[in-house]
Amino acid sequence: MASTPDFIRRQYEFAAHIRDPEHQPAPADVEDRRMSVYRELFYNNVEGFLSNTFPVLRAILEDAHWHALVRDFYSQHHSQTPLFLEIPREFLVWLEQVHSHYDADVPFLYELAHYEWVELALSISEASCEEDGINPTGDLLSGIPVLSPLAWYLSYRFPVHEISPDNQPRHPGDAVTNLVVYRDRNDDMGFLLINPVTRRLLELIDAGNDQSAEQLLHRIAKEISHPQPAVVVNSGFETLEELARKDIILGVKRQ
């Protein structure tokens, strides 16, 4: 820093103090009353945006716990983007790396944060349900189904969709929680709890192997050694109809 121009050195000192006022001294010639305005303004902006993105997590954590978490992120993490809307994603990146240090009392900390972030990510995504080459009224069983780019299938150890201040599980569920979080053609957000067979079907559709839904369902029936493949196919068809009604499946590929 000895060869750094004075005005840049001062900017670094100013920024370092704003990020971590407990450990980084303020510039010597700046009145503390003025520095406090910047300290509060910058921190409150970040904390407020995180509170809005992670409302359940914020409601669960006591004030001291929440602000300690945000302060640590604010002082430790070096974001890779200047975009304000990307702050929650940066928070999630940081939390993935350090959550084991914080989640002794909140074992679902990272998974809940991820689930809440997904809603923001989908709400601001520039992807669209309106895509060329799709027949929205085609036969869902004999056709090649198309998964919406605005539908994300997710698996969690904890039932994150049920967590609230009054429901905080101490241990993972007996089974994995499989969910689809989606944005439909009206830009409304929703989520759907799905079983492992449906998740596997969405995986295969997403893989883009150009097989019909019927072929994929027969493949799944074989994978799980189901004694009656027709049952899997019929149940899968009903599921596809529900997924299509919610714009999770957009239709089938045009031939």
Failed item in (1) in contact with a strand residue (DSSP E or B) (Cβ under 8 Å, 6 or more places away or on another chain); (2) surrounded by fewer than 15 Cβ atoms within 10 Å (Cβ to Cβ), with Pro227 passing the rest: (1)
Pairs where the first residue, in region 136-152, is touching a residue at least 12 places away in the same chain (Cβ under 8 Å) and the second is basic (Lys, Arg) and surrounded by fewer than 19 Cβ atoms within 10 Å (Cβ to Cβ), C-beta under 7 Å, 6+ apart: Gly143/Lys253; Ile144/Lys253; Val146/Lys253
Subset of region 94-120 [out of contact with any helix residue (DSSP H, G or I) (no Cβ under 7 Å at 6 or more places or on another chain) and under 18 Å from Val180 (Cβ atoms)]: Val118, Glu119
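Just to verify a result, which residue in region 139-153, among those that are within 30 Å of Pro172 (Cβ to Cβ) and crowded, with 18+ Cβ neighbours inside 10 Å, is farthest from the chain's Cα centre (by Cα)? Can you show your working first?
Going residue by residue through region 139-153, those that are within 30 Å of Pro172 (Cβ to Cβ) are 147-153.
Retained after the next criterion (residues that are crowded, with 18+ Cβ neighbours inside 10 Å): 147-148, 150-153.
Details: Leu147: 18, Ser148: 16, Leu150: 12, Ala151: 12, Trp152: 9, Tyr153: 11 Å.
Across region 139-153, the extreme among qualifying residues is Leu147.
Identify all residues within region 28-48 that are modelled with pLDDT under 75 and either surrounded by fewer than 14 Cβ atoms within 10 Å (Cβ to Cβ) or out of contact with any His (no Cβ under 8 Å at 6 or more places or on another chain) (or both); write none if there are none. Steps first, answer last, please.
Taking region 28-48 first, the residues modelled with pLDDT under 75 are 28-32, 35.
Passing the criteria: Ala28, Asp29, Val30, Glu31, Asp32.
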Pairs where the first residue, in region 85-112, is closer than 20 Å to Tyr43 by Cα and the second is assigned to a loop (DSSP other than H, G, I, E, B), C-beta under 6 Å, 6+ apart: Glu90/Ser79; Trp94/His77
Residue, modelled with the lowest pLDDT, within region 78-128, restricted to residues that are in contact with a Phe, Trp or Tyr (Cβ under 8 Å, 6 or more places away or on another chain) and part of a loop (DSSP other than H, G, I, E, B): Asp103
Among the candidates Gly190, Gly251, residue that is out of contact with any Lys or Arg (no Cβ under 6 Å at 6 or more places or on another chain), surrounded by 13 or more Cβ atoms within 10 Å (Cβ to Cβ) and touching a residue at least 60 places away in the same chain (Cβ under 8 Å): Gly251
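The values are calculated or read from the model by the stated rules, or taken from the named source; none is laboratory data. Just so it is clear, the model here is predicted, and its values are computed rather than measured. Glycine also receives a Cβ, built like all others from the backbone with ideal geometry; neighbour counts cover every protein chain displayed.
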